[in-house]
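> Input: one structure, supplied below.
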Amino acid sequence: MSQVRRLIMAVSSTISSNPMSFKHGLSLWCPQSSPSLHRTLQSSSSSIGFKTFLRNHVVAASSSSSFANENREYVIVGGGNAAGYAARSFVEHGMADGRLCIVTKEAYAPYERPALTKGYLFPLDKKPARLPGFHTCVGSGGERQTPDWYKEKGIEMLYEDPVTGIDIEKQTATTISGKLLKYGTLIVATGCTATRFPEKIGGNLPGVHYIRDVADADSLISSLEKAHKLVVVGGGYIGMEVAAAAVGWKLDTTIIFPENHLLQRLFTPSLAQKYEEFYQENGVKFIKGASIKNLEAGSDGRVASIKLENGSTIEADTVIIGIGAKPAVSPFERLGLNNSVGGIQVDGQFRTGIPGIFAIGDVAAFPLKMYNRMARVEHVDHARRSAQHCVKSLITAHTSSYDYLPSFYSRVFEYEGSPRKIWWQFFGDNVGETIQVGNFDPKIATFWIDSGKLKGVLLESGSPEEFQLLPELAKSQPFVDKSKLQSASSVEEALEIARTSLQAAV
């Protein structure tokens, strides 16, 4: 008989003969009359936390027919990138089979969400990405985890049934269909929802789209097939990526945003200008510094135009709103929210303030160790890494705090026949003064320097070796000679100067 089974039987037997109150979850007691149970608990607690082990295995042993899930030790709420990578980590540690349940609002197994605004939107004759091609974990070079993969690994999947609430005391979760789920450990990985325009100004008109899942993307593609005049609202990642895809569809495309230039939270004005010029060369129009009053419908009820606050009107038969996202936290407010950065407050191991409940990915507000501040990061790399770190901390003796290096990237115009492929990466912190090197044809780099230290770097169209250098620079933050960078005649020379500074700091 396995050690786990002996423990479950011993605890269950003792509970039945010694009824106790479990108002606040399992009490951490050990009957003096059971030395064998003492020894088993001590042995088990050496590899995984005593509290977690006891809570999870007694929960797993419960047999109430009122619970909809068979796998109860670990329940992941949400089915996005973070859930897929967490599932892989559970499998790698031998803790998934018969133990892990994932409950999601999605109709699909976890997939690499960035594809939705990149390859998924390619014109239909340009080999667009489709499932099962981009299930996790292919984005990081891992195995493609199709629905059959989850079955083979003994992972229970509950699709199209989002969790609407949790009972912390009873360790249960309720879904929108009314299912009651039991958990020993709960991991919240619900991600974000798209920020929407209010219905009263036309935010829900037919022909108005938001992109967060496959269903959203499919609906948009259906509109693009019939579209002539496309308006993209928002000058961030979504706006830039959707507009790039629209060029491939040969649509009359306009991007409208309130800021002075594209991607204002990261790009400098001079860097943004280079990208704006490239988009304009490919037929995309910009309306900057504009505020939208409302979206107007035509005689058929579909969106027909956008009215700006300055009184002007822009015709559109398809509109895409890409103005940001909000963490999906409404069922989990009791866990403790961070009012500064949003999301569920966690520590460096992704533990919330409630024992046995964790939060990962976009929804987690975590300590950004290297910059000594709280952060919430909406990025696929963080979704992957936070999931892996959380699971490792949960089921092993791993106790180190998450040490994340912020990074962002975008890849657009990658479809067949594109005038040029655009691929940039950024690592670090965009603080301090900037030095820009290169003219965008074929490369450009921007360096952020604060108090003489290199804090962040962005590179467009770098080689694999050059891209690999960026995180090393951002992590080490070497002192650099600004005058040398400013006088560099090429991106390659500037990167070599930075590399030399890195070597000098070692």
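The values are calculated or read from the model by the stated rules, or taken from the named source; none is laboratory data. Source: prediction; values computed, not measured. All Cβ positions, even for glycine, are placed from backbone atoms using ideal geometry, and neighbour counts span all protein chains on display. Remember, those area values only see protein heavy atoms, side chains included, never the ligands or the DNA or RNA. Shrake-Rupley method; radii C 1.70, N 1.55, O 1.52, S 1.80 Å.
> Classify segment 132-235 as rounded, prolate or oblate from the Cα gyration tensor: take a ≥ b ≥ c as the square roots of its eigenvalues, call it rounded if a/c is under 1.5, otherwise prolate when a/b beats b/c and oblate if not.
oblate
> Would you mind getting the accessible area per residue of segment 161-260, heavy atoms of the protein chains only, 1.4 Å probe, in Å²?
On a per-residue basis, segment 161-260 sits at 37 Å².
> Using the Cα centre of segment 214-368 as the reference point, and only Cβ charges (+1 on K/R, -1 on D/E), how large is the resulting charge dipole? Debye, rounded to the nearest 20. Write out the running numbers ahead of the final one.
On the way: 13 positive and 17 negative charges, 56 e Å.
Computed about the Cα centre, the dipole is about 260 debye.
> Okay, moving on. Calculate for the chain the 222 nm mean residue ellipticity that helices alone would give, adding -39,500 (n - 2.57) per DSSP H run of length 4 or more and normalising by residue count, nearest 500 deg cm²/dmol.
Here the helix-only value at 222 nm equals -8500 deg cm²/dmol.
> Another one. What percentage of the solvent-accessible surface of the chain, computed with a 1.4 Å probe over protein heavy atoms, is contributed by carbon and sulfur atoms?
48 percent
> Assign one of three labels to segment 387-493, namely rounded, prolate or oblate, based on the Cα gyration tensor with a ≥ b ≥ c the square roots of its eigenvalues; rounded applies when a/c is under 1.5, prolate when it is not and a/b is larger than b/c, and oblate otherwise.
Values: a/c = 3.04, a/b = 1.34, b/c = 2.28.
Oblate shape, in that a/c is at least 1.5 and b/c is the bigger or equal ratio.
> Right, another one. Accessible area per residue, 1.4 Å probe, Å², for segment 334-376: what's the number?
42 Å²
> Also, I was wondering about something else. Given 457, 471, 440, which one lies farthest toward the positive end of the charge dipole of segment 402-474, if we put +1 on the Cβ of every Lys and Arg and -1 on the Cβ of every Asp and Glu?
Towards the positive end, the residue furthest out is 440.
> Take every Cα-Cα distance within the chain, group them into 20 Å bins from 0 onward, and report for each bin the whole-number percent of pairs it holds.
Each 20 Å bin holds this share of Cα pairs: 21, 49, 25, 5, 0.
> Which residues make up the longest stretch of the chain clear of chymotrypsin sites (Phe, Trp or Tyr not before Pro) that lie in a DSSP loop with no more than 15 other Cβ atoms within 10 Å, not counting the sites?
160-506
> Can you pull out the GluC sites (Glu not before Pro) in segment 162-230 that DSSP calls coil and that have at most 16 other Cβ atoms within 10 Å?
Filter output for segment 162-230: 169, 225.
> Using DSSP to call loops (not H, G, I, E or B), can you name the GluC sites (Glu not before Pro) in segment 285-381 whose Cβ has at most 12 other Cβ atoms within 10 angstrom?
The qualifying sites are 309.
> Oh, and also: What pairs from 250/421; 127/229; 105/182; 153/392 go past 20 Å between their alpha carbons?
On the way: 250/421 17 Å; 127/229 23 Å; 105/182 18 Å; 153/392 18 Å.
Violating the 20 Å limit, Cα to Cα: 127/229.
> Within segment 199-257, which trypsin sites (Lys or Arg not before Pro) sit in a loop by DSSP and count at most 10 neighbouring Cβ atoms inside 10 Å?
Here the sparse-neighbourhood loop sites are 226, 250.
> What do you reckon, how do 148, 167, 429, 97 stack up by accessible area (1.4 Å probe), largest on top?
On the way: 148 90, 167 50, 429 20, 97 115 Å².
Sorted descending by solvent-accessible area, the residues read 97, 148, 167, 429.
> Mind putting a number on the dipole of the chain about its Cα centre? Charges go on the C-beta only, +1 for Lys and Arg and -1 for Asp and Glu, and I need it in Debye to the nearest 20.
So the dipole magnitude of the chain works out to roughly 1520 debye.
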